[in-house]
Amino acid sequence: MATQSVDVIVVGLGGMGSAAAWRLARRGQRVLGLEQFGPAHARGSSHGSTRMIRQAYFEDPAYVPLLLRSYELWEELSRTVGQPLIHDTGGLMIGLPTSSTVAGTLRSAQTWDLPHETLDAAQTTALFPTLTLSPEEMAVYEPAAGWVPPEQTVRAHLDLARAAGADLRFDTAVLDWEVDAGGVRVRTRTDVHRGSRLVLSVGPWAPRLLQRLRVPLLVERQVQHWFRPAGGISAFSSGHPVYIWECADGVQFYGFPATGDPPDGVKVAFFRRGAPADPDTLDTQVHPDEIADMRAYLHGRVPGLSGDYLRGEPCLYTTTPDQHFVIDTMPEHPEVVVVGGFSGHGFKFVPVVGELVAELLLDGKPSLPLDLFSLRRWESA
């Protein structure tokens, strides 16, 4: 059965979709949001208690304008909901001086004149005794780095979107969509929904729902791990930074301070060291060899995390070949915005992506440069 037409249909209400739904509803749009699971679910990429946020971006200095605006919007969101959502613990980017993590961070910090400090191995360990660098390694300290809570953020955006008039429907899987003379049509198992515009923010289901665009996306299963510190939680609590560590073999892993009230462990994970996965048949069990692999990289580097293994939680990365995002209107269909391929480093951009989606659909152009995230970069492939 067909439902009444709306202004914008948002498919997928995780991090990006929930933010877009709020920004659009806030601007007076009649918004219908469709999500195949429940609110703030753990089946995609927006869960796991913490997500890192930083400005000196080793991936590319072109991200920095988006990050500066995102920081402003994180603060605005915190004020709006009356809860602190951004926790600025400071952050360390660790590795050899020539590593992409260190060299890229310095390039972004220097390009945009961002506050930072370089530390040699001995200085880093003296300031942060839980971390043991080899003599050849160094760190870049960024005071603005920290973490944000993904589930809490998604719920906040959903609540704000609903309060602004959005119709949000959960446990509602989208089967297909199309653009026709009347606008856009989205079909679920029970309904056909019509709208003037469409936002596709479907995370690891993007390869399926975006087949016609031929966007080369890879979905990978990654595991988040929590360990109990052998010497107690206090060393990883107040004053401990977030960090990304690039080892000499190119493997990157990252970690957080102890969080929660009371904290029950310390979270660490590899950055892009997963295996291809189908989101519909995701293996949610954490296997002994995965735990052993994580322990092997922590050994000698973060020796305090040699205590009991508490739990693990898989999540999914949806990765583009160049590891940059997709934030763009569809070729030939400016009424459809696609956001995806956040490649394991997207959650810190959630507020600004929501704002940019609204600008693309309602203003016809974004307030920030998005050339790096264009769908057109694969047109000649």
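When residues of the range 234-250 are filtered for being modelled with pLDDT of 95 or more and in contact with a strand residue (DSSP E or B) (Cβ under 7 Å, 6 or more places away or on another chain), how many remain?
So the count comes out to 7.
Could you please tell me which pairs satisfy a Cβ distance under 9 Å, a separation of 6+ or placement on different chains, a first residue in the range 205-217 that is on the phi < 0 side of the Ramachandran plot, and a second residue that is of a type outside the set (Gly, Ala, Ser) and modelled with pLDDT under 90?
Taking only residues 6 or more apart or on different chains, the pairs are Ala206/Val215; Pro207/Val215; Pro207/Pro216; Leu213/Pro331; Leu213/Trp378; Val215/Trp378; Pro216/Trp378; Leu217/Leu210.
Would it be correct to say that Asp171 is exposed (fewer than 15 other Cβ atoms within 10 Å of the Cβ) and either at pLDDT 95 or above or of a type outside the set (D, E, K, R) (or both)? Lay out the reasoning, then the answer.
Numbers: exposed (fewer than 15 other Cβ atoms within 10 Å of the Cβ): yes; either at pLDDT 95 or above or of a type outside the set (D, E, K, R) (or both): yes.
Spelling it out, Asp171 is indeed exposed (fewer than 15 other Cβ atoms within 10 Å of the Cβ) and either at pLDDT 95 or above or of a type outside the set (D, E, K, R) (or both).
Would you pick out the residues in the range 236-284 that are in contact with a Pro (Cβ under 7 Å, 6 or more places away or on another chain) and without any contact (Cβ under 8 Å) to a residue 12 or more places away in the chain?
Matches in the range 236-284: none.
Identify, from the list Leu361, Leu375, the residue that is in contact (Cβ under 8 Å) with a residue 40 or more places away in the chain and surrounded by fewer than 24 Cβ atoms within 10 Å (Cβ to Cβ). Talk me through it step by step, then tell me what you get.
Details: Leu361 fails: surrounded by fewer than 24 Cβ atoms within 10 Å (Cβ to Cβ).
Going through Leu361, Leu375 in turn, the sole match is Leu375.
All but one of (1) modelled with pLDDT of 95 or more; (2) of a type in the set (A, V, I, L, M); (3) over 22 Å from Leu282 (Cα atoms) hold for Leu200; state the number of the condition that does not hold.
(3)
Pick from the range 282-338 the residues that are assigned to a strand (DSSP E or B) and among the aromatic types (Phe, Trp, Tyr): which of them is surrounded by the most Cβ atoms within 10 Å (Cβ to Cβ)?
Quick first cut of the range 282-338, residues assigned to a strand (DSSP E or B) only: 309-319, 326-330, 333-338.
Retained after the next criterion (residues that are among the aromatic types (Phe, Trp, Tyr)): 309, 317.
Numbers: Tyr309: 17, Tyr317: 23.
The residue in question is Tyr317.
Looking at Glu178, Glu136, Glu151, which one is of a type in the set (Asp, Glu), surrounded by fewer than 22 Cβ atoms within 10 Å (Cβ to Cβ), in a strand (DSSP E or B) and out of contact with any Phe, Trp or Tyr (no Cβ under 8 Å at 6 or more places or on another chain)? Outline the logic, then answer.
Details: Glu136 fails: in a strand (DSSP E or B); Glu151 fails: in a strand (DSSP E or B).
Being of a type in the set (Asp, Glu), surrounded by fewer than 22 Cβ atoms within 10 Å (Cβ to Cβ), in a strand (DSSP E or B) and out of contact with any Phe, Trp or Tyr (no Cβ under 8 Å at 6 or more places or on another chain) holds for just one of Glu178, Glu136, Glu151, which is Glu178.
The values are calculated or read from the model by the stated rules, or taken from the named source; none is laboratory data. Keep in mind that what you see is a predicted model, and the values were worked out from it rather than measured. Counting neighbours? That spans all protein chains shown, and the Cβs are built from the backbone with ideal geometry, glycine included.
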